[in-house]
1. How would you classify the chain from its alpha-carbon gyration tensor, with a ≥ b ≥ c the square roots of the eigenvalues: rounded for a/c under 1.5, else prolate if a/b is greater than b/c, otherwise oblate?
2. What size of dipole, in debye to the nearest 20, comes out for the chain about its Cα centre when the only charges are +1 on Lys and Arg C-beta atoms and -1 on Asp and Glu C-beta atoms?
3. Just how many pairs of Lys in the chain have C-alpha atoms closer than 21 Å, counting pairs that are eight or more places apart or on different chains?
4. Treating the angle as unsigned and between 0 and 90°, give the value, to the nearest 10°, between the Cα long axis of helix 8-48 and the longest Cα principal axis of the chain.
5. Which Cα, out of Ile29, Leu40, Gln14, lies furthest along the positive dipole direction of the chain (beta carbon charges, K/R +1, D/E -1)?
6. Determine the calculated [θ] at 222 nm for the chain from helices alone, applying -39500 (n - 2.57) to every DSSP H run no shorter than 4 residues and normalising by the residue count; nearest 500 deg cm²/dmol.
Amino acid sequence: MRPKTLNYEQLVKQNKQELMEDETSIRQIEMRLEKKHRDLMLNKRKSSNK
């Protein structure tokens, strides 16, 4: 069965929505990375201060 054909406006709307979802995912990944980096730096400082 073939997927329903979308007109130009529908495609633009769908692509925009997908981009927004991607942006949200990227933000979440960046936040997790920043937290891991911060935690790593804190652990290194604690280790070096012993």
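Bear in mind these aren't lab numbers, they're just calculated from the coordinates by the rules spelled out. The model shown is predicted, which means the values in this text are computed figures rather than measured ones. Ideal geometry is used to build each Cβ from the backbone, glycine not excepted, and the neighbour counts take in all protein chains shown.
1. Because a/c hits 1.5 or more and a/b exceeds b/c, the chain counts as prolate.
2. For this selection, approximately 520 debye.
3. Number of lysine pairs found: 6.
4. 10
5. Highest projection toward the positive end goes to Leu40.
6. Details: 1 runs with 41 residues, N = 50.
One gets -30500 deg cm²/dmol as the mean residue ellipticity at 222 nm.
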